[in-house]
Each structure stands twice: as structure tokens, then as C-alpha cells.
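Below is one structure, written out as C-alpha cells, with a few remarks after it.
The values are calculated or read from the model by the stated rules, or taken from the named source; none is laboratory data. All figures in this text were calculated on a predicted structure; none of them were measured in a lab. For neighbour counting, all protein chains shown are included, and Cβ atoms are generated from backbone atoms with ideal geometry for every residue, glycine included.
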Amino acid sequence: MGTSSEAQPAAIILSSPTELVHLEYDPNSLESPPSHEWTRFVCISDTHSRTFDVPPGDVLLHSGDLTGTGTFQGFKQTMDWLYSLPHKIKMSVTYSLRGFRVNSMPRQNNCWEP
């Protein structure tokens, strides 16, 4: 268990007058965007059917593997989790679905059906 006297790792941030990029961060302690005109992109990858805290934002981009084993159950679990997140726009650039044909599985009422 950590103590308050332990040094916290410094945040790694790249910035310009119009962009801020947090390379490492605690999802529960991100500052608010500098202006309502800014768009916050949240990028995650290779979740392998795991769920975790995701920072709030306007756009969620998931890249890489959605499932660990390529099963329908793993795919459904990950998609249900992604749909439950509050981001207005969600995009996924996915590979390694191991035989899944996503366009052959209709989505109804935010649920995927085999």
C-alpha cells in the first residue's frame, strides 16, 4: 500500500497551442479540457475482453484485439462493455477476430446476436 510521501510518476504530456496528448495518466484524475470547443479523444487498444476504467471523452477509439480467444462470447462481452461507455462517438479498428464475420451478426437494441 502506498503512502502519501511516495513520489508519484510525472505525467507525460505533449502539447501545442491547440492539442494536449496525455501518454500516461490516471483515468480518475484527468483535468477538464481547456475549453468546450475542444474534443477529447480517448484511445484504448488490445483489450482482449478485459474491462477497465476509461476516462470520459467525446470520441472513443479502440484499436487492436477485441477478444483474447476469438470466441463469440468474448466478442459480445467486449462490445457490450464498449456500448456501455458514455462516449458519444465510438470507433473500432480491429484485427485478429479469428474468423469472425462482424457484418453477419446483426445488432439489435445494442445487443449482438450470433
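Consider HIS36 carefully, then state whether it is part of a strand (DSSP E or B) and at pLDDT below 90. Answer is no for this residue.
Scanning the stretch 68-108 for residues that are of a type in the set (S, T, N, Q) and at pLDDT below 85 yields THR69, THR71, THR94, SER96, ASN103, SER104, GLN108. Taking the criterion of being of a type outside the set (Gly, Ala, Ser), assigned to a strand (DSSP E or B) and more than 13 Å from HIS48 (Cβ to Cβ), the residues of the stretch 67-95 that qualify are ILE89, LYS90, MET91, VAL93. Please work out which residue is surrounded by the most Cβ atoms within 10 Å (Cβ to Cβ), limiting yourself to the stretch 39-66 and to residues that are part of a loop (DSSP other than H, G, I, E, B) and in contact with a Ser or Thr (Cβ under 7 Å, 6 or more places away or on another chain). Filtering first and then ranking leaves LEU66. Answer with yes or no whether SER63 is hydroxyl-bearing (Ser, Thr, Tyr), on the phi < 0 side of the Ramachandran plot and at pLDDT below 90. Judged against the criteria, SER63 is not a match.
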